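Let me begin by presenting the structure, written as C-alpha coordinates, before commenting on it.
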Amino acid sequence: MSDVSPATRLEGAATPRGKARPVSFFEFWPGFVFYAPVVVFWIAQAIRHRSLTLPALTNPRIEAGGICGESKNDILDLAGPEAQRWIAPYAGITTQAHPGGDLIMAEAAMAQANLTYPVVAKPDMSCNGTGVRLIETSDALARYLDAFPRATRLQLQALAPDEGEAGIFYIREPGATHGAITSITLKYAPVVVGDGTSRIRDLIAADDRLNAVSTLLLEKLGTDAARIPATGERVRLVFVGNHCRGSTFKDGRHLITPALTARIDAIARDIPDFHFGRFDLRYASANALRRGEGFTIIEVNGAGSEATHIWDPETSIIEAYRTQFFHYGAAFRIGATMRAKGVKRYGALRLLRAWRHQKALMARYPAND
(Lines give C-alpha, C1' and ligand atoms only; values in the text may rest on other atoms or scores of the structure.)
Protein backbone atom coordinates (compact mmCIF):
# COMPACT_ATOMS: atom_id res chain seq x y z
CA MET A 1 0.00 0.00 0.00
CA SER A 2 1.37 3.44 -0.89
CA ASP A 3 1.72 6.21 1.71
CA VAL A 4 -1.46 8.04 2.56
CA SER A 5 -1.21 11.82 2.68
CA PRO A 6 -2.83 13.55 5.67
CA ALA A 7 -4.89 15.54 3.18
CA THR A 8 -6.77 12.48 1.95
CA ARG A 9 -9.99 11.01 3.40
CA LEU A 10 -8.39 7.67 4.27
CA GLU A 11 -7.53 6.54 7.77
CA GLY A 12 -5.05 8.82 9.46
CA ALA A 13 -5.99 11.68 7.17
CA ALA A 14 -6.51 15.30 8.14
CA THR A 15 -10.28 15.18 7.59
CA PRO A 16 -12.57 12.56 9.08
CA ARG A 17 -14.79 10.24 7.06
CA GLY A 18 -17.94 11.64 5.52
CA LYS A 19 -21.17 10.44 7.19
CA ALA A 20 -19.85 9.86 10.71
CA ARG A 21 -21.86 11.11 13.68
CA PRO A 22 -20.86 14.80 14.13
CA VAL A 23 -20.63 14.66 17.95
CA SER A 24 -21.16 12.00 20.60
CA PHE A 25 -24.03 12.63 22.99
CA PHE A 26 -21.61 13.00 25.93
CA GLU A 27 -18.77 14.87 24.20
CA PHE A 28 -19.77 18.26 25.55
CA TRP A 29 -21.27 17.29 28.86
CA PRO A 30 -20.12 19.51 31.73
CA GLY A 31 -16.93 18.10 33.20
CA PHE A 32 -18.48 17.52 36.62
CA VAL A 33 -21.13 15.31 34.98
CA PHE A 34 -18.90 13.21 32.71
CA TYR A 35 -16.13 12.75 35.26
CA ALA A 36 -18.38 11.92 38.23
CA PRO A 37 -18.01 8.12 37.71
CA VAL A 38 -14.26 8.61 37.24
CA VAL A 39 -14.08 10.44 40.58
CA VAL A 40 -15.96 7.58 42.24
CA PHE A 41 -13.52 5.09 40.66
CA TRP A 42 -10.54 7.20 41.80
CA ILE A 43 -11.85 7.26 45.39
CA ALA A 44 -12.41 3.50 45.33
CA GLN A 45 -8.83 2.99 44.14
CA ALA A 46 -7.57 5.41 46.79
CA ILE A 47 -9.31 3.40 49.51
CA ARG A 48 -7.97 0.15 48.11
CA HIS A 49 -4.38 1.46 47.92
CA ARG A 50 -4.60 3.73 51.01
CA SER A 51 -3.56 6.83 49.07
CA LEU A 52 -5.52 9.49 47.24
CA THR A 53 -2.49 10.75 45.30
CA LEU A 54 -0.77 7.50 44.36
CA PRO A 55 -0.79 8.22 40.57
CA ALA A 56 1.54 11.14 41.32
CA LEU A 57 4.29 8.52 41.78
CA THR A 58 3.94 7.01 38.29
CA ASN A 59 6.65 9.24 36.81
CA PRO A 60 8.80 10.25 39.80
CA ARG A 61 11.10 12.59 37.83
CA ILE A 62 8.07 14.72 36.87
CA GLU A 63 6.28 17.05 39.29
CA ALA A 64 3.18 15.25 40.63
CA GLY A 65 3.87 12.54 38.06
CA GLY A 66 2.33 14.90 35.51
CA ILE A 67 -1.11 15.17 37.14
CA CYS A 68 -0.78 18.96 37.32
CA GLY A 69 1.82 21.63 37.96
CA GLU A 70 4.44 19.96 35.79
CA SER A 71 6.88 21.83 33.54
CA LYS A 72 6.78 21.13 29.80
CA ASN A 73 10.42 22.19 29.49
CA ASP A 74 11.60 20.05 32.39
CA ILE A 75 9.89 16.97 30.95
CA LEU A 76 11.50 17.41 27.53
CA ASP A 77 14.84 18.16 29.20
CA LEU A 78 14.73 14.67 30.74
CA ALA A 79 14.85 13.06 27.29
CA GLY A 80 18.05 11.26 26.34
CA PRO A 81 19.64 11.35 22.88
CA GLU A 82 17.31 8.73 21.33
CA ALA A 83 14.18 10.54 22.52
CA GLN A 84 15.53 13.98 21.61
CA ARG A 85 15.89 12.88 17.96
CA TRP A 86 12.08 12.74 17.73
CA ILE A 87 11.23 15.91 19.69
CA ALA A 88 10.68 19.25 17.94
CA PRO A 89 13.51 21.63 18.91
CA TYR A 90 12.56 24.06 21.68
CA ALA A 91 13.88 26.76 23.96
CA GLY A 92 12.68 27.43 27.50
CA ILE A 93 12.68 31.03 28.69
CA THR A 94 11.32 33.09 31.61
CA THR A 95 9.77 36.51 31.19
CA GLN A 96 11.47 39.27 33.11
CA ALA A 97 10.05 40.71 36.31
CA HIS A 98 9.34 44.01 34.53
CA PRO A 99 8.26 44.62 30.91
CA GLY A 100 10.98 45.35 28.37
CA GLY A 101 13.82 43.25 27.04
CA ASP A 102 11.84 40.01 26.75
CA LEU A 103 12.04 39.93 22.95
CA ILE A 104 15.82 40.29 22.89
CA MET A 105 16.16 37.52 25.45
CA ALA A 106 13.67 35.27 23.61
CA GLU A 107 15.29 35.68 20.20
CA ALA A 108 18.72 35.02 21.70
CA ALA A 109 17.36 31.75 23.13
CA MET A 110 15.84 30.94 19.73
CA ALA A 111 19.18 31.52 18.02
CA GLN A 112 20.96 29.29 20.52
CA ALA A 113 18.43 26.50 19.83
CA ASN A 114 18.60 27.13 16.03
CA LEU A 115 14.93 28.14 15.96
CA THR A 116 13.55 30.39 13.25
CA TYR A 117 10.06 31.77 12.67
CA PRO A 118 7.42 30.44 12.73
CA VAL A 119 7.55 29.04 16.25
CA VAL A 120 4.89 27.80 18.63
CA ALA A 121 4.76 29.72 21.91
CA LYS A 122 3.24 27.90 24.85
CA PRO A 123 3.18 28.34 28.62
CA ASP A 124 5.55 26.04 30.46
CA MET A 125 2.70 25.05 32.80
CA SER A 126 -0.80 24.65 31.33
CA CYS A 127 -3.26 22.16 29.85
CA ASN A 128 -5.84 21.92 27.05
CA GLY A 129 -3.86 24.24 24.80
CA THR A 130 -4.35 27.28 27.05
CA GLY A 131 -2.10 30.14 25.96
CA VAL A 132 -0.67 28.35 22.91
CA ARG A 133 -0.09 30.50 19.83
CA LEU A 134 1.56 30.21 16.44
CA ILE A 135 4.11 33.03 16.22
CA GLU A 136 5.22 33.98 12.72
CA THR A 137 7.07 37.28 13.22
CA SER A 138 9.21 39.16 15.70
CA ASP A 139 6.41 41.67 16.26
CA ALA A 140 3.94 38.88 17.04
CA LEU A 141 6.37 37.40 19.56
CA ALA A 142 6.83 40.79 21.20
CA ARG A 143 3.06 41.17 21.60
CA TYR A 144 2.75 37.65 23.03
CA LEU A 145 5.53 38.26 25.55
CA ASP A 146 4.05 41.62 26.58
CA ALA A 147 0.75 39.86 27.35
CA PHE A 148 2.40 36.99 29.21
CA PRO A 149 2.62 36.99 33.04
CA ARG A 150 5.81 38.46 34.45
CA ALA A 151 8.59 36.19 35.79
CA THR A 152 6.86 33.15 34.33
CA ARG A 153 8.32 30.34 32.21
CA LEU A 154 7.26 29.54 28.68
CA GLN A 155 8.44 27.48 25.75
CA LEU A 156 9.24 28.41 22.15
CA GLN A 157 9.18 25.37 19.88
CA ALA A 158 9.81 24.78 16.20
CA LEU A 159 6.59 24.37 14.22
CA ALA A 160 6.32 20.71 13.21
CA PRO A 161 5.57 20.87 9.47
CA ASP A 162 3.34 17.82 9.08
CA GLU A 163 -0.43 18.22 9.05
CA GLY A 164 -1.38 14.95 10.74
CA GLU A 165 -1.81 15.18 14.52
CA ALA A 166 -2.02 12.32 17.00
CA GLY A 167 -1.86 11.50 20.69
CA ILE A 168 -0.26 8.16 21.60
CA PHE A 169 -0.79 6.78 25.10
CA TYR A 170 1.96 4.60 26.55
CA ILE A 171 2.18 2.44 29.68
CA ARG A 172 5.15 0.49 31.02
CA GLU A 173 5.02 -1.39 34.30
CA PRO A 174 8.00 -0.52 36.55
CA GLY A 175 10.80 -3.01 36.02
CA ALA A 176 9.34 -4.28 32.74
CA THR A 177 11.68 -4.39 29.77
CA HIS A 178 9.09 -3.02 27.38
CA GLY A 179 5.84 -1.05 27.49
CA ALA A 180 2.77 -0.89 25.27
CA ILE A 181 0.68 1.61 23.33
CA THR A 182 -2.83 1.57 24.79
CA SER A 183 -4.45 4.32 22.74
CA ILE A 184 -3.97 6.40 19.61
CA THR A 185 -6.09 9.45 18.90
CA LEU A 186 -6.09 11.10 15.48
CA LYS A 187 -6.83 14.80 15.70
CA TYR A 188 -8.50 16.74 12.90
CA ALA A 189 -8.42 20.52 13.22
CA PRO A 190 -11.53 22.31 11.95
CA VAL A 191 -10.90 23.40 8.36
CA VAL A 192 -13.09 24.97 5.68
CA VAL A 193 -12.29 25.22 1.97
CA GLY A 194 -13.33 28.38 0.20
CA ASP A 195 -15.57 28.45 -2.88
CA GLY A 196 -15.04 32.12 -3.69
CA THR A 197 -18.58 33.16 -2.73
CA SER A 198 -19.39 31.83 0.76
CA ARG A 199 -18.43 33.45 4.05
CA ILE A 200 -16.49 31.38 6.56
CA ARG A 201 -19.57 31.27 8.80
CA ASP A 202 -21.60 29.84 5.88
CA LEU A 203 -18.96 27.19 5.18
CA ILE A 204 -19.09 26.23 8.86
CA ALA A 205 -22.89 25.95 8.76
CA ALA A 206 -22.68 23.66 5.71
CA ASP A 207 -20.52 21.09 7.53
CA ASP A 208 -22.28 18.79 10.04
CA ARG A 209 -19.40 18.61 12.52
CA LEU A 210 -18.39 22.25 12.28
CA ASN A 211 -21.98 23.38 12.57
CA ALA A 212 -22.37 21.26 15.71
CA VAL A 213 -19.43 23.09 17.33
CA SER A 214 -20.05 26.44 15.65
CA THR A 215 -20.48 28.26 18.97
CA LEU A 216 -16.86 27.41 19.86
CA LEU A 217 -15.56 28.44 16.44
CA LEU A 218 -17.52 31.63 15.76
CA GLU A 219 -16.70 33.11 19.14
CA LYS A 220 -13.02 32.67 18.40
CA LEU A 221 -13.21 33.89 14.79
CA GLY A 222 -15.01 37.14 15.56
CA THR A 223 -15.29 39.41 12.51
CA ASP A 224 -13.14 37.04 10.45
CA ALA A 225 -16.18 34.76 10.20
CA ALA A 226 -17.54 37.16 7.55
CA ARG A 227 -14.49 36.79 5.30
CA ILE A 228 -14.97 35.06 1.93
CA PRO A 229 -12.02 32.70 1.25
CA ALA A 230 -10.81 32.30 -2.33
CA THR A 231 -11.77 29.19 -4.26
CA GLY A 232 -9.73 26.26 -2.97
CA GLU A 233 -8.28 28.22 -0.04
CA ARG A 234 -8.02 26.02 3.06
CA VAL A 235 -8.70 27.95 6.26
CA ARG A 236 -7.71 26.28 9.51
CA LEU A 237 -10.12 27.71 12.07
CA VAL A 238 -8.23 26.67 15.22
CA PHE A 239 -4.50 26.08 15.68
CA VAL A 240 -4.68 24.13 18.94
CA GLY A 241 -5.72 20.49 18.35
CA ASN A 242 -8.19 20.10 21.19
CA HIS A 243 -11.68 18.62 20.91
CA CYS A 244 -13.14 21.11 23.38
CA ARG A 245 -12.00 23.87 21.02
CA GLY A 246 -13.59 22.35 17.93
CA SER A 247 -11.17 19.68 16.66
CA THR A 248 -12.51 16.22 15.86
CA PHE A 249 -10.88 13.25 17.60
CA LYS A 250 -10.97 9.79 16.02
CA ASP A 251 -9.95 6.42 17.42
CA GLY A 252 -6.64 5.52 15.77
CA ARG A 253 -5.85 2.24 17.52
CA HIS A 254 -5.90 0.46 14.17
CA LEU A 255 -2.53 2.16 13.52
CA ILE A 256 -0.83 0.30 16.39
CA THR A 257 1.86 -2.00 14.98
CA PRO A 258 4.93 -3.76 16.42
CA ALA A 259 7.13 -1.22 14.62
CA LEU A 260 5.35 1.81 16.07
CA THR A 261 5.21 0.22 19.51
CA ALA A 262 8.95 -0.49 19.41
CA ARG A 263 9.70 3.09 18.39
CA ILE A 264 7.54 4.71 21.09
CA ASP A 265 8.87 2.23 23.64
CA ALA A 266 12.48 3.17 22.82
CA ILE A 267 11.64 6.86 23.15
CA ALA A 268 9.77 6.39 26.43
CA ARG A 269 12.56 4.28 27.94
CA ASP A 270 15.00 7.09 27.11
CA ILE A 271 13.04 9.37 29.47
CA PRO A 272 14.15 8.31 32.97
CA ASP A 273 11.45 6.67 35.12
CA PHE A 274 8.70 7.44 32.60
CA HIS A 275 5.94 4.83 32.90
CA PHE A 276 2.61 6.40 32.10
CA GLY A 277 1.53 9.19 29.76
CA ARG A 278 0.78 10.48 26.30
CA PHE A 279 3.01 11.60 23.45
CA ASP A 280 1.43 14.36 21.35
CA LEU A 281 2.92 14.48 17.90
CA ARG A 282 2.57 15.48 14.27
CA TYR A 283 3.03 12.91 11.52
CA ALA A 284 3.55 12.78 7.79
CA SER A 285 1.24 9.90 6.85
CA ALA A 286 -0.67 7.04 8.41
CA ASN A 287 1.53 4.40 6.84
CA ALA A 288 4.71 6.15 7.97
CA LEU A 289 3.30 6.25 11.49
CA ARG A 290 2.57 2.52 11.34
CA ARG A 291 6.23 1.98 10.47
CA GLY A 292 7.33 4.11 13.45
CA GLU A 293 8.66 6.82 11.12
CA GLY A 294 7.84 10.31 9.91
CA PHE A 295 6.64 11.96 13.10
CA THR A 296 7.71 14.75 15.46
CA ILE A 297 6.86 14.83 19.16
CA ILE A 298 5.65 18.23 20.32
CA GLU A 299 4.73 17.39 23.92
CA VAL A 300 5.04 14.64 26.52
CA ASN A 301 2.27 14.42 29.13
CA GLY A 302 2.24 12.42 32.33
CA ALA A 303 -0.35 11.04 34.73
CA GLY A 304 -2.83 13.85 34.16
CA SER A 305 -3.29 13.00 30.49
CA GLU A 306 -6.13 11.02 28.96
CA ALA A 307 -6.45 8.34 26.32
CA THR A 308 -8.30 10.86 24.19
CA HIS A 309 -9.74 8.44 21.62
CA ILE A 310 -12.74 8.35 23.98
CA TRP A 311 -13.82 11.65 22.38
CA ASP A 312 -14.33 10.01 18.99
CA PRO A 313 -18.01 10.71 18.22
CA GLU A 314 -18.41 7.00 17.42
CA THR A 315 -17.15 5.88 20.84
CA SER A 316 -19.87 4.61 23.18
CA ILE A 317 -20.06 5.92 26.72
CA ILE A 318 -19.47 2.37 27.99
CA GLU A 319 -16.22 2.18 26.03
CA ALA A 320 -15.26 5.65 27.23
CA TYR A 321 -15.61 4.71 30.90
CA ARG A 322 -13.99 1.31 30.36
CA THR A 323 -10.99 3.14 28.91
CA GLN A 324 -10.89 5.67 31.74
CA PHE A 325 -11.08 2.98 34.43
CA PHE A 326 -8.38 0.88 32.73
CA HIS A 327 -5.92 3.78 32.54
CA TYR A 328 -6.53 5.23 35.98
CA GLY A 329 -6.41 1.72 37.42
CA ALA A 330 -3.01 1.29 35.80
CA ALA A 331 -1.87 4.65 37.26
CA PHE A 332 -2.74 3.51 40.78
CA ARG A 333 -1.10 0.12 40.21
CA ILE A 334 2.13 1.70 38.93
CA GLY A 335 2.09 4.24 41.75
CA ALA A 336 1.75 1.41 44.27
CA THR A 337 4.77 -0.32 42.75
CA MET A 338 6.82 2.86 42.87
CA ARG A 339 5.81 3.40 46.50
CA ALA A 340 6.98 -0.11 47.31
CA LYS A 341 10.30 0.77 45.65
CA GLY A 342 10.73 3.63 48.10
CA VAL A 343 9.50 6.64 46.12
CA LYS A 344 8.39 9.29 48.60
CA ARG A 345 4.63 9.92 48.85
CA TYR A 346 3.12 13.00 47.22
CA GLY A 347 0.80 14.64 49.72
CA ALA A 348 -2.76 15.70 48.93
CA LEU A 349 -2.18 19.28 50.12
CA ARG A 350 0.91 19.55 47.96
CA LEU A 351 -1.10 18.33 44.95
CA LEU A 352 -3.86 20.82 45.74
CA ARG A 353 -1.33 23.67 45.89
CA ALA A 354 0.14 22.62 42.53
CA TRP A 355 -3.32 22.53 40.97
CA ARG A 356 -4.28 25.93 42.36
CA HIS A 357 -1.00 27.47 41.20
CA GLN A 358 -1.49 26.11 37.68
CA LYS A 359 -5.12 27.26 37.56
CA ALA A 360 -4.15 30.77 38.68
CA LEU A 361 -1.46 30.99 36.00
CA MET A 362 -3.76 29.73 33.26
CA ALA A 363 -6.22 32.54 34.02
CA ARG A 364 -3.47 35.05 33.18
CA TYR A 365 -2.14 33.60 29.92
CA PRO A 366 -2.79 35.24 26.55
CA ALA A 367 -5.65 33.78 24.52
CA ASN A 368 -4.71 30.73 22.45
CA ASP A 369 -4.99 30.47 18.65
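Of all residues in the stretch 140-155, at least one satisfies being under 20 Å from ASN301 (Cα atoms), touching a residue at least 40 places away in the same chain (Cβ under 8 Å) and in contact with a Pro (Cβ under 7 Å, 6 or more places away or on another chain). Which one of these does GLY241 not meet: (1) buried (at least 21 other Cβ atoms within 10 Å of the Cβ); (2) outside any loop (DSSP other than H, G, I, E, B)? Condition (2) is where GLY241 drops out.
Surrounded by fewer than 17 Cβ atoms within 10 Å (Cβ to Cβ) and either at pLDDT 95 or above or more than 30 Å from GLN96 (Cα to Cα) (or both), is that true of GLU173?
Numbers: surrounded by fewer than 17 Cβ atoms within 10 Å (Cβ to Cβ): yes; either at pLDDT 95 or above or more than 30 Å from GLN96 (Cα to Cα) (or both): yes.
Here the answer is yes, as GLU173 does meet what is asked.
Scan the stretch 207-263 for residues that are more than 30 Å from ILE171 (Cα to Cα) and not β-branched (Val, Ile, Thr) and the total you get is 25. Looking at the stretch 64-144, the strands (runs of 3 or more DSSP E) lying wholly inside it that each contain 2 or more residues that are of a type in the set (Gly, Ala, Ser) and either at pLDDT 95 or above or crowded, with 20+ Cβ neighbours inside 10 Å (or both) sit at 90-94. In the stretch 244-262, the qualifying residues are those that are modelled with pLDDT of 90 or more and assigned to a loop (DSSP other than H, G, I, E, B), and the one that is surrounded by the most Cβ atoms within 10 Å (Cβ to Cβ) is GLY252.
The values are calculated or read from the model by the stated rules, or taken from the named source; none is laboratory data. As the structure is a computational prediction, the values presented were derived from the model and not from experiment. Positions of Cβ are generated from backbone atoms using ideal geometry, with glycine treated the same way; all protein chains shown enter the neighbour counts.
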